[in-house]
Amino acid sequence: MSEASSPAIPAKAAAFKHPMRALSGRLAGVGAIKVVAIGSSTTAGEGDIVPYPQRLETALRNRFNGRPFDVLNRGIGGEEAPIEVRRMQQDVIDERPSVVIWQVGTNAAWKGQDLDAVASSIAEGLRMLEQLGSDVILMDLQYVPALLVPGTQQAADRMVDLIAAAADRATFPVNVFQRYDLMRRWHEVERVSFDRIVDPGDDDRLHHSDWSVRQMVRALADTIVAAAAHTA
C-alpha cells in the first residue's frame, strides 16, 4: 500500500532547517521567555476559535516543565506582508522577543495580490528582524478549500515556494513552519475531511477549525522543542 493511500501514516511537521539558538540560550537562563506572533486572521483568531498563539503559550509551558512563556498575539485579520512590515518595529522588534513567528502569505494567494511584491516585503521584514538576534520562524499558508480552486491553487503553491525562498536567501538562519504541506498530508494521507479541518462556521472555507488549530499547535510546539534541543 502506498503512503498516499494509507490512512495509518501520521502526518508530522517537517523539522526546522536551523537550530533555535536564541531560545536554547534563554532556556539555559531564568525568567520568562517572550515570543511574538505576527500575522493575519490565523494569528489574530477568527470567530469563536481560540487563536493559536494563546494555545502555543500553554503548549510551550507544558513541554518545558512549566517554564514561563509569554506569547504575544500581534495578528490583525486581513493583513499581508506589505502592511505587516510597517508595524514590524513597534509590534515585534521593540518587544525584544527571543522568538518571532511570522504567519504570512495566505491573503496574497486568496485575494490575488501581487505575489512578487509580497515576497519583497517578506525579505524586507526579515532584514529588519535580523537586528534582533532572535529565532525567526515563517509560517506558510493553510491548505484549505478556499485556496484549492483553479487559479488560486497555483498562486498558493507559488506563494509557498516564495516563502521558502525568502527564508533560504536571508542572511541569517530563518526557519519555515511548513503548514501548507502538513495540512495537505492531513487531508491526503490521513484522510481527514475538510469538514473537520475547516471552521464549520466559515462560509469562505478558509479558516482553521478548533480541531485543526489544536493539531497545528501541537506540531509547531514539537518542532520548536526539537530545534531548541539541537544547537550543536
- One residue from ALA155, ALA146, ALA167, ALA117 being loosely packed, with under 15 Cβ neighbours inside 10 Å, in contact (Cβ under 8 Å) with a residue 24 or more places away in the chain and in a helix (DSSP H, G or I): ALA117
- Query: If ILE137 passes every condition in (1) on the phi > 0 side of the Ramachandran plot; (2) assigned to a strand (DSSP E or B) but one, which one does it miss?
  - Reply: (1)
- Item | Hey, VAL160 under 15 Å from the mean Cα position of the chain (by Cα) and free of Cβ contacts under 8 Å to residues at least 60 places away in the same chain or not | yes
- Query: Taking segment 201-218, which residues are under 25 Å from GLU57 (Cα atoms) and either free of Cβ contacts under 8 Å to residues at least 60 places away in the same chain or crowded, with 21+ Cβ neighbours inside 10 Å (or both)?
  - Reply: HIS207, HIS208, TRP211, SER212, VAL213, GLN215, MET216, VAL217
- Every pair of residues 6+ apart whose Cβ atoms lie under 6 Å, when the first sits in segment 1-25 and is under 15 Å from ALA228 (Cα atoms) and surrounded by 13 or more Cβ atoms within 10 Å (Cβ to Cβ) while the second is acidic (Asp, Glu) and at pLDDT 90 or above: MET20/ASP135; ALA22/ASP135; LEU23/ASP135
- Query: Out of (1) over 26 Å from TYR143 (Cβ atoms); (2) surrounded by 15 or more Cβ atoms within 10 Å (Cβ to Cβ); (3) in contact (Cβ under 8 Å) with a residue 60 or more places away in the chain, what's the single condition that is false for ARG96?
  - Reply: (2)
- Query: Restricting attention to segment 177-200, and to residues there that are touching a residue at least 60 places away in the same chain (Cβ under 8 Å) and of a type in the set (Asp, Glu), which single residue is farthest from PRO145 (Cα to Cα)?
  - Reply: GLU190
- Message: Quick check on this structure: which one of GLY78, GLY125, GLY105, GLY66 is on the phi > 0 side of the Ramachandran plot and modelled with pLDDT of 95 or more?
- Response: GLY105
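Being charged (D, E, K, R) and touching a strand residue (DSSP E or B) at 6+ places or on another chain (Cβ under 9 Å): is that true of ARG86 here?
Working: charged (D, E, K, R): yes; touching a strand residue (DSSP E or B) at 6+ places or on another chain (Cβ under 9 Å): no.
Taking the combined requirement at face value, the residue does not satisfy it.
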- Message: ARG196 - would you say it is outside any loop (DSSP other than H, G, I, E, B), surrounded by fewer than 18 Cβ atoms within 10 Å (Cβ to Cβ) and within 16 Å of the chain's Cα centre (by Cα)?
- Response: no
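Can you confirm whether LEU126 is in contact (Cβ under 8 Å) with a residue 12 or more places away in the chain, in a helix (DSSP H, G or I), touching a strand residue (DSSP E or B) at 6+ places or on another chain (Cβ under 7 Å) and hydrophobic (A, V, I, L, M, F, W, C)? First the steps, then the outcome.
Numbers: in contact (Cβ under 8 Å) with a residue 12 or more places away in the chain: yes; in a helix (DSSP H, G or I): yes; touching a strand residue (DSSP E or B) at 6+ places or on another chain (Cβ under 7 Å): yes; hydrophobic (A, V, I, L, M, F, W, C): yes.
Yes.
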- Note on the structure: ARG205: passes all of (1) within 24 Å of VAL118 (Cβ to Cβ); (2) assigned to a helix (DSSP H, G or I) but (2)
- Taking segment 170-186 and keeping only residues that are surrounded by fewer than 22 Cβ atoms within 10 Å (Cβ to Cβ) and touching a His at 6+ places or on another chain (Cβ under 8 Å), one is left with PRO173
- Message: So VAL149 ticks every box in (1) modelled with pLDDT of 95 or more; (2) closer than 28 Å to ASP202 by Cα; (3) β-branched (Val, Ile, Thr) but one. Which box is left unticked?
- Response: (1)
- Here the residues within segment 130-139 that are buried (at least 23 other Cβ atoms within 10 Å of the Cβ) and farther than 19 Å from TRP211 by Cα are SER134, ASP135, VAL136, ILE137, LEU138
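The values are calculated or read from the model by the stated rules, or taken from the named source; none is laboratory data. Everything numeric in this text was worked out from a predicted model, so none of it was measured. Note that each Cβ is placed from the backbone with ideal geometry, even for glycine, and that neighbours are counted across all protein chains shown.
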